[in-house]
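Student: Next up is a structure, given as structure tokens.
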Amino acid sequence: MGQFGLTAYGSYLPFQSISRQAIFDQIGWIQGGLKAYAKGKRSYADWDEDAVTLAVAAARQLLNTTDAAQVQNLSFASTTAPFLDRSNAGIVAAALDLADRTHCHDSSGSQRAALAPLVAACHNQGDGLLIAAGEKKPVQPANVMEMLAGDAGAAVLTGSENVIAELIAAQSVCSDFVDHYRTAESGTDYVLEERWVREEGLAKIAAPLIASLLADNNMSVEDIDHFILPVAYPSHARAIARTCGIKEDAVADALFTDCGFSGVAHPLLMLNDCLDRAAPNSLILLTGFGQGMDAILLKTTEHISSYKASISVQDFMTNLRVEDNYPRFLASNGQFHPDWGMRAERDNRTAQTVAFDKSRDIYGLVGGFCTSCQTPQFPKARRCVNPECNALDTQQDYRFADIPATVKSFTEDWMAFNRNPPLIYGNISFEGGGNMFIEMTGFSPGDIAIGDKVEMDFRIKDIDDKRGFHRYFWKAAAKRKM
Amino acid sequence: MAEGIKDKVAIIGMGCSKFGERWDARPEDLITEAFEEALVDAKIEKESIDAAWFGVFYDEQNVGKSAYPLSQYLRLPNIPVTRVENLCATGTESLRGAVYAVAAGACDIALAVGCEKLKDTGFAGLPERTKGTFEDLYQPGFTPPGAFAQLGAAYAHKYGLDMADLKKAMAHVSWKSHENGFLNPKAHLRKKLSIEQILNAPPVAYPLGVFDCCGVSDGASCAIVARPEIAKDLVGENFVTVKSMQLSPSNGVEMGHQSWDGAGTITTRKASERAYAEAGISDPRTDISMTEVHDCFSITELVLMEDLWLSDDGMAPKDILDGRFDADGDIPCQIDGGLKCFGHPVGASGLRMTYEIYLQLLGRANDRQLKDPKFGLAHNLGGIPNRNVAAVSIFGMNE
């Protein structure tokens, strides 16, 4: 049997973060003990991002390095999926414009949701599995998770050609150990006592599982080059490594300082950060904790040297915009309910008949390409938009999602309703042709100019408060300054 | 080009309500106010009217759909009434319907009415509305100022202007309209402003501030049109005639094709070219005595001066600052205060513009009367620069 493992990966962090000191400045009077965490910054997703869009963004980073035709199965992983009964993976697949025969499923239920399909793939040697994880954890003001959490997406792809990290073996253990929980009723995490979690939970679950996995594969803790233990508290990994006898310099950075714990996405995000810098033939022990544990052994191959992620985790973190506007942070995850004005009263009912009929236009950002005059255009139409052409029924599908564009006109609109005002929008011109009048994201007021480069981001377009629904579309995002 | 309607239709009476925040008036009151003025002006009984066109934009917040509100308010004798809507060109569309009916010989006398009761919506600006079941899925959640503000950014970029310099020309546009509106007893905003006040106003949508935006008003306006032979019998030898009425809607180029630079309105150029041709005007800068244009925002009026061929491309800021479109300039624009100060009750605006031109041509404009106006041009722009309906109408005395 040939090599089997990971062939590509991608990561995603939102544009902005908030300094933990800025959080503490507002909630320290309630929870003075949180001062211990009032350092560094935590990423946070804008109001128009959720677990689905974060997963899509990470998967698109992955697909920048890999042909989408390799994806046969899609697993969307999150505990903060926006829909309880609608395939969230189906939304991800539509945004990625994957083939309609792609097998899609949602993985949820614990912080191990992204590792569950990876463990299965390890056992089954399943090629072409794209795991796209996203987490936007709802946090209650002054709760410790407000300090510890961060929003992110991460994705990996399995395969047997050009493997960059071989999947060697995996073992799991289940235990109904409730370190935290969240229900529809609680809304946010109810977090149990830290030391109990570490000593009675993590240590007692991790140590025997890791020992068993290593023994069964004729390896020892000395062989581990990178130990990934993705948990919310940044000091736990080091403590568990000591318990297990894993060398200290093998402990992977928990990404606390510049990102925060991204829940289901965090095992993959930490893995990606590790792969960004790992040398060939490095042994990685990837674990995931949540009502038990998964432990997966991976070994990097010589292909890791030539693989380059489109944006590394470190680059994402380094370039996060750091804000100190606490109410804006709260509003981004629905914890702050100011009067947005009358324009927020607009009824955003979605005509599902149209949304389904135009699904590829809206979710895939697929427009038309006139075969008569070679003009790309959105939306695709019966007659070509080119005034010199206007040919009838000459258009082929043309996906704009991955085409760079430039700002042609813009405004910063303080009157329009937006949960992160001002609403910035304008006309953009795509390289190779095509013009769109579109909402923009990633810009701060005074930060945008005509001619700026933009790239397309899949985002929430409108929220229908009355019916608990929201719809997605694409926005022109500021090109990340890396 | 077709023969056109030049001098085939006379305007025999016009009326316009006071525009403004008419908290005490319902659409019935506004329409009656305008209609009774027009009826007296035309010296006819309402039973002489053969058919009517009724323009209302926000039907849900105004009088509801259909034509019967007009028939009911005016107690019309069950004559045909057609309700029309074409965004901010709605008032002009109602006039076009009436004018075409007379020109075609289908009616001897026809009525056009436009009305909007915006201040019942509860909004400071224009209310939110759906853009259509498909368009709502992808169109940005724009507001009118934000959509028109795009013109400012694109225009400054196209001509390499510093935004601060462009803003000075935009401020002059608003300053001039406030000066003019101050003299108009029917205007919504009758207050003079300094350039500094305009430039220092709170931002609405970059680069527009509050005083770059027009008033949102209640109001109604109407016209009674007739065959010229009838006009002679009713009002004598001197009457206003319609020289041309042209309409040009976007066909998607602005939204979807890179040939549009975003710094002007394609449709206004098309509609005005056709309107000048229909009216037999070869040199609008000489022949047009005054304009009432769709100055929903200061930047709109600025680019329209070029789109109407009254300024060379790139020269509108200079022409504006030179006073060319001021009350004492070569081609006064918004002598009645314009949308900016007379106000903008959407469905009435096109007819309000016509009303001012009508008064000016007949020498009835009192304090703001221009000297010997020959042709007046009314221009509406419904929608936003990306997708709009431009209407250009030219009026003059019968020849």
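Student: If you take the charge dipole of region A:43-125 about its Cα centre, with +1 on Lys and Arg Cβ and -1 on Asp and Glu Cβ, which of A:74, A:91, A:53 is farthest toward its positive end?
Tutor: A:74
Student: Determine the dipole magnitude for region A:351-482: charges of +1 sit on the beta-carbon of Lys and Arg, -1 on that of Asp and Glu, nothing else is charged, the reference point is the Cα centre, and the result goes in debye to the nearest 20.
Tutor: Using Cβ point charges on Lys, Arg, Asp and Glu, region A:351-482 gives about 240 debye.
Student: What number comes out for the charge environment of residue A:201, summing +1 per Lys or Arg and -1 per Asp or Glu over other residues with Cβ under 14 Å away?
Tutor: Residues near residue A:201 contribute -2 overall.
Student: Please report the antiparallel percentage of DSSP beta bridges with both residues in the protein assembly as shown, rounded to the nearest 5.
Tutor: Of all bridge pairs located within the protein assembly as shown, approximately 75 percent are antiparallel.
Student: If the only charges are +1 at each Lys and Arg Cβ and -1 at each Asp and Glu Cβ, what is the size of the charge dipole of region A:56-176 around the Cα centre, to the nearest 20 debye?
Tutor: Roughly 160 debye, rounded to the nearest 20.
Student: Follow-up question, since we're still on this one. Does chain A come out rounded, prolate or oblate by the C-alpha gyration tensor, with a ≥ b ≥ c the root eigenvalues, rounded set by a/c under 1.5 and, if not, prolate when a/b is larger than b/c and oblate if not?
Tutor: Note, shape of chain A comes out oblate.
Student: In the Gaussian network model of chain B, springs joining C-alpha atoms below 10 Å, which of B:259, B:71, B:174 carries the largest mean-square fluctuation?
Tutor: Looking only at B:259, B:71, B:174, the largest GNM fluctuation is found for B:259.
Student: Counting only helical runs of four or more DSSP H residues, what would the 222 nm mean residue ellipticity of the protein assembly as shown come to if each run contributes -39,500 (n - 2.57) and the total is spread over all its residues?
Tutor: Result for the protein assembly as shown: -8000 deg cm²/dmol, rounded to the nearest 500.
Student: Return the long-range amide H neighbours of residue A:409 (sequence gap of 5 or more, or a different chain), with a cut-off of under 5 Å between placed amide H atoms.
Tutor: Answer set, sorted by chain and number: A:427.
Student: List, in order, the whole-Hz ³J(HN,Hα) value for each residue of region A:467-480 obtained from phi through the Karplus relation with A = 6.51, B = -1.76, C = 1.60 and θ = phi - 60°; use x for Gly and Pro.
Tutor: 10, x, 10, 9, 10, 10, 7, 9, 10, 7, 9, 4, 5, 5
Student: Please compute the volume of the convex hull spanned by the alpha-carbon atoms of chain B and report it per residue in Å³.
Tutor: Measuring per residue, one finds 130 Å³ for the Cα hull of chain B.
Student: Considering only DSSP beta bridges with both partners in chain A, what is the antiparallel share in %, to the nearest 5?
Tutor: Expressed as a percentage, antiparallel bridges in chain A total about 80.
Student: Could you pull out the pairs from B:119/B:192; A:358/A:380; B:168/B:371; B:18/B:43; A:408/A:475 whose alpha carbons sit more than 19 Å apart here?
Tutor: Those over the limit are B:119/B:192; B:168/B:371; B:18/B:43.
Student: Might you tell me the accessible area per residue for chain B, computed with a 1.4 Å probe and given in Å²?
Tutor: That works out to 34 Å² per residue.
Student: Continuing with this model, one more query. For chains B and A, what's the summed buried accessible area, probe 1.4 Å, to the nearest 100 square angstrom?
Tutor: Looking at B and A, the buried total is near 3600 Å².
Student: Run down the aspartates and glutamates and flag those whose C-alpha is under 15 Å from the C-alpha of residue A:247, throwing out any fewer than 8 positions away in its chain.
Tutor: Of all the aspartates and glutamates, those that pass the test against residue A:247 - Cα under 15 Å, at least 8 places apart if same chain - are A:222, A:223, A:225.
Student: Counting other Cβ atoms within 10 Å, keep those with at most 16, restrict to DSSP loop, and tell me which trypsin sites (Lys or Arg not before Pro) in region A:238-276 are left.
Tutor: Counting only loop positions with at most 16 other Cβ atoms within 10 Å, the trypsin sites (Lys or Arg not before Pro) in region A:238-276 are A:247.
Student: Specify whether the C-alpha gyration tensor of region A:217-309 places it in the rounded, prolate or oblate class, a ≥ b ≥ c being the square roots of the eigenvalues: rounded for a/c under 1.5, otherwise prolate if a/b is larger than b/c and oblate if not.
Tutor: oblate
Student: Just tell me which aspartates and glutamates come within less than 18 Å, Cα to Cα, of residue A:35; anything on the same chain fewer than 8 places away is out.
Tutor: Answer for residue A:35, where 18 Å is the Cα cut-off: A:25, A:146, A:193, A:194, A:258, A:324, listed by chain and number.
Student: Related question: So how tilted is helix A:115-124 from the main axis of chain A? Cα-based, degrees 0 to 90, rounded to 10.
Tutor: For A:115-124 against chain A, the angle is about 80 degrees.
Student: Whats the longest run of chain A with zero GluC sites (Glu not before Pro) that are DSSP loop and have at most 13 other Cβ atoms within 10 Å?
Tutor: It works out to A:194-387.
Student: Further question: Quick one: pull the percent of accessible area on region B:180-221 belonging to carbon and sulfur, 1.4 Å probe, ligands and nucleic acids left out.
Tutor: That fraction is 65 percent.
Student: Let me ask something else. Once phi is turned into θ = phi - 60°, what whole-Hz ³J(HN,Hα) does the Karplus curve with 6.51, -1.76 and 1.60 give for every residue of region A:285-301, x standing for Gly and Pro?
Tutor: 9, 9, 10, x, 10, x, 6, x, 8, 10, 9, 10, 9, 10, 9, 5, 10
Student: Let me ask something else. For region A:178-212 and region A:327-403, what is the separation of their C-alpha centers, rounded to whole Å?
Tutor: Here the answer is 43 Å between Cα centres.
Student: Which aspartates and glutamates have a Cα less than 13 Å from the Cα of residue B:117, not counting those fewer than 8 places away in the same chain?
Tutor: Of all the aspartates and glutamates, those that pass the test against residue B:117 - Cα under 13 Å, at least 8 places apart if same chain - are B:21, B:24, B:28, B:29, B:59, B:60, B:218.
Student: So, counting K/R as plus one and D/E as minus one, what does the shell of residues with Cβ under 11 Å around residue B:6 add up to?
Tutor: -2
Student: If amide H atoms are built 1.01 Å from N in the plane of the peptide, which residues on other chains or at least 5 residues away come under 5 Å of the amide H of residue B:21?
Tutor: The list, which skips near neighbours in sequence, is B:218.
Student: Percent antiparallel among DSSP beta bridges with both residues in chain B, to the nearest 5?
Tutor: Counting only bridges with both partners in chain B, antiparallel ones make up about 75 percent.
Student: Under the rule that a partner needs its Cβ under 4.7 Å from the first Cβ, which Cys of chain A have none?
Tutor: A:104, A:122, A:174, A:244, A:259, A:274
Student: I've got another one for you. Give me the dipole magnitude in Debye, nearest 20, for chain B about the Cα centre, with unit charges on the beta carbon: positive for Lys and Arg, negative for Asp and Glu.
Tutor: Roughly 300 debye for chain B.
Student: Among B:210, B:253, B:146, whose Cα lies farthest out toward the positive end of the dipole of region B:144-268, if unit charges sit on the beta carbon of Lys, Arg (+1) and Asp, Glu (-1)?
Tutor: Final value for the positive-end residue is B:210.
Student: Hey, what's region A:238-327 come to in accessible area per residue, 1.4 Å probe, Å²?
Tutor: Per-residue value: 35 Å².
Student: Average partner chain C-beta neighbours within 10 Å, per residue of A:401-412?
Tutor: Averaged over the peptide's residues, the number is 5.
Student: Taking region A:358-461, which trypsin sites (Lys or Arg not before Pro) meet the DSSP loop condition and have no more than 11 other C-beta atoms within 10 Å?
Tutor: A:382
Student: Sticking with this structure for a sec: I need to check one value: relative contact order of region A:238-318, counting alpha carbon pairs closer than 8 Å and at least 6 residues apart, in percent.
Tutor: 25 percent
Student: Can you tell me how much longer the chain between residue A:26 and residue A:420 gets when fully stretched, taken as 0.36 nm per residue apart minus their C-alpha distance, in nm with one decimal?
Tutor: Here the segment from residue A:26 to residue A:420 would lengthen by 139.9 nm.
Student: Could you tell me which of A:342, A:270, A:220 has its Cα farthest along the dipole of region A:196-352 towards the positive end, charges placed at Cβ (Lys, Arg +1; Asp, Glu -1), taken about the Cα centre?
Tutor: With unit charges placed on the Cβ atoms, the residue in question is A:342.
Student: Let me ask another. Would you mind telling me which residue in B:12, B:335, B:79 has the biggest mean-square fluctuation in a Gaussian network model of chain B, where springs connect alpha carbons within a distance under 10 angstrom?
Tutor: Largest GNM mean-square fluctuation: B:79.
Student: Can you give the local net charge around residue A:178? Use residues other than it whose beta-carbon is closer than 13 angstrom to its beta-carbon, Lys and Arg +1, Asp and Glu -1.
Tutor: With Lys, Arg at +1 and Asp, Glu at -1, the net is -4.
The values are calculated or read from the model by the stated rules, or taken from the named source; none is laboratory data. Quick caveat: nothing in here was measured; it's all calculated off a predicted structure. Don't worry about glycine lacking a Cβ; one is built from the backbone with ideal geometry, like all the others, and counts go over all protein chains shown. Side chains are part of the model used for accessible areas, which takes the heavy atoms of the whole protein and leaves out ligands, DNA and RNA. Shrake-Rupley method; radii C 1.70, N 1.55, O 1.52, S 1.80 Å.
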